[in-house]
Amino acid sequence: MIHWELFLAFFIPNIIGYGGGPAIIPLIEAEVVGRYGWMTAQEFAETLALGNALPSPIATKMAGQIGFDVAGASGAVVAVLATVVPSLLLMLGALGLLYRYRDSPRVKRMSQWVRPVIAMMMAWLTWSFFSEGLETAGLVHTLLIGSLAALALLRLRIHPAFIVMAALAYGGLFLG
């Protein structure tokens with residue numbers, strides 16, 4: 001029974017929520033704290049803070065941690081699957097539909113219109129990261145890390161994971 005409740009606690013917010021992990025956090029809190037009482041509001045806030053400190057999507061980290069706290073390793077698996085399955089099924093359905101009509105002029109035009117939107121979203125994300133870097137680390141550190149990261153990515157072809165680790169180490173040593 002607990003696994004079914006875990007599944008519902010994470011599946012429902014992911015089905016009705018819109019906007020990704022941060023947007024569904026209040027829905028997950030309503031289920032985990034309000035409906036099932038598995039955590040207090042303080043414990044949920046601490047789990048959220050820990051999840052925000054780690055890389056990767058927040059919803060899956062929260063699901064894994066809460067699922068593990070409630071029902072061990074199997075609970076973590078159930079909660080993470082309930083978080084990922086809605087998006088996975090929708091993506092598979094959309095990809096199947098696009099693949100079926102891939103030769104359609106409408107689908108080709110749609111694909112052409114999506115590219116500039118994605119480019120603008122990436123530009124906005126870059127700008128927001130840059131702005132946040134300026135606010136928290138300052139101009140010198142932001143430009144230094146950004147320049148070295150660009151050099152390492154573009155000229156030296158270093159894997160992005162190593163660049164992120166190096167930036168974390170730099171931040172820990174010089175900005176902490």
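The values are calculated or read from the model by the stated rules, or taken from the named source; none is laboratory data. Because the structure is a prediction, the values reported are computed rather than measured. Cβ coordinates were reconstructed from backbone atoms using ideal geometry, including for glycine residues, and neighbour counts include every protein chain displayed. Keep in mind that these areas ignore ligands, DNA and RNA; they rest on the heavy atoms of the full protein, side chains included. Shrake-Rupley method; radii C 1.70, N 1.55, O 1.52, S 1.80 Å.
Placing +1 on the Cβ of every Lys and Arg and -1 on the Cβ of every Asp and Glu, with nothing else charged, gives the chain a dipole about its Cα centre of roughly 1120 debye. Working ranking of peptides 84-95, 139-150 by packing, defined as the average number of other Cβ atoms within 10 Å per residue, highest first, is 139-150, 84-95.
What separates the Cα centres of the range 118-141 and the range 39-67 is a distance of 25 Å.
Considering only ALA71, ALA123, ALA161, the Gaussian network model of the chain with Cα springs below 10 Å gives its largest mean-square fluctuation to ALA161. Taking the protein heavy atoms of the range 3-113 in the context of the full set of protein chains, the accessible area attributed to carbon and sulfur is 67 percent at 1.4 Å. Average accessible surface for the chain: 70 Å² per residue, computed with a 1.4 Å probe over protein heavy atoms with every protein chain in place.
Between ALA166, ALA45, ALA59, the residue with the greatest mean-square fluctuation in the GNM of the chain (Cα pairs under 10 Å linked by springs) is ALA166. The Cα trace of the chain gives Rg and Dmax of 20.3, 55 Å, the first to one decimal, the second as a whole number.
Hydrophobic long helices, here whole DSSP H runs in the chain with Kyte-Doolittle means of at least -0.5 and Cα atoms spread over 24 Å or more along the helix axis, are found at 58-100, 105-136. Note on LEU148 and SER87: the extension gain reaches 18.4 nm, defined as 0.36 nm multiplied by sequence separation minus the Cα-Cα distance. Counting only the backbone N, which residues of the range 76-105 are under 20 Å from the spot 7 Å out from the Cα of GLN112 toward its beta-carbon? Inside the label zone: 98-105.
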